[in-house]
Amino acid sequence: MIPGRLLGRLPRRWRRVLDWTLTIAIAVALVLVFEAEVAKPYRVPSASMEPTLHCAKPASGCRAHYSDRVIALRIVYRFRAPRRGEIAVFRAPAGAASCGESGSLTFIKRVIGLPGETVSERNGIVFVDGKRLTERYVPASERDHRTSRWTKLEPDQYFMLGDNRSASCDSRDWGPVSRTSFIGPASVTYWPPNRITVR
């Protein structure tokens, strides 16, 4: 890691310490750059995405002994916009405080409404621009019975919902998510081993 001429002037013990120190520092720097620019791991914190993503018991509504760990591919949203149906990691808007959550938290939800669309819900069934949305990922047992219609999404806004509709605090409660708040799609579940999934 260090030119031999410089190392040659130091005692052997110090050469070894310096070489290891630089090697570790470079490795840490690479990991930090990778997390900041390419991909970052997250833990599923609540039951709002059950049964697609598990959280750990004894937390309310959680089904597993270990929370699922996902990797958000930060680099993806540098090249394209979020797509309907994908699970995304994003910074919660300030309005999330209405559900007892801090606006600085990171959420994991599913993209439902895209910019320019109008989302509504009738007795637990979601409609986008008046057309029923096919949602195979939401079991009947996890649906709620809400009926409401939200304002048309602005050009940079997205409507986010948890798959566990009866236990999810989401865009229905705190409004849409801006494009700049997105971190990346939760493309990989890597823990626990029996839950490994690539989306």
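Assorted remarks:
- Selection status of A39, in contact with a Gly (Cβ under 8 Å, 6 or more places away or on another chain) and at pLDDT below 85: yes
- The residues of segment 130-150 that are assigned to a loop (DSSP other than H, G, I, E, B), surrounded by 10 or more Cβ atoms within 10 Å (Cβ to Cβ) and either modelled with pLDDT of 90 or more or in contact with a Lys or Arg (Cβ under 9 Å, 6 or more places away or on another chain) (or both), listed by number, are L133, E135, Y137, V138, R143, D144, R146, T147, W150.
- So A59, is it at pLDDT 90 or above, among the small types (G, A, S) and surrounded by fewer than 20 Cβ atoms within 10 Å (Cβ to Cβ): no
- Residues in segment 157-180 that are crowded, with 19+ Cβ neighbours inside 10 Å, under 21 Å from R74 (Cα atoms) and polar (S, T, N, Q): Q157 alone.
- Where a residue in segment 139-154 is within 20 Å of D129 (Cα to Cα) and its partner, wherever it lies, is among the hydrophobic types (A, V, I, L, M, F, W, C), with Cβ under 6 Å and at least six apart: W150/V119
- The single condition from (1) within 21 Å of the chain's Cα centre (by Cα); (2) farther than 15 Å from G175 by Cβ; (3) part of a strand (DSSP E or B) that M160 fails is (2).
- Here R122 passes the criteria (1) modelled with pLDDT of 90 or more; (2) crowded, with 17+ Cβ neighbours inside 10 Å; (3) farther than 25 Å from I196 by Cβ except the one numbered (2).
The values are calculated or read from the model by the stated rules, or taken from the named source; none is laboratory data. Quick caveat: nothing in here was measured; it's all calculated off a predicted structure. Glycine gets a Cβ as well: all are built from the backbone with ideal geometry, and neighbour counts include every protein chain shown.
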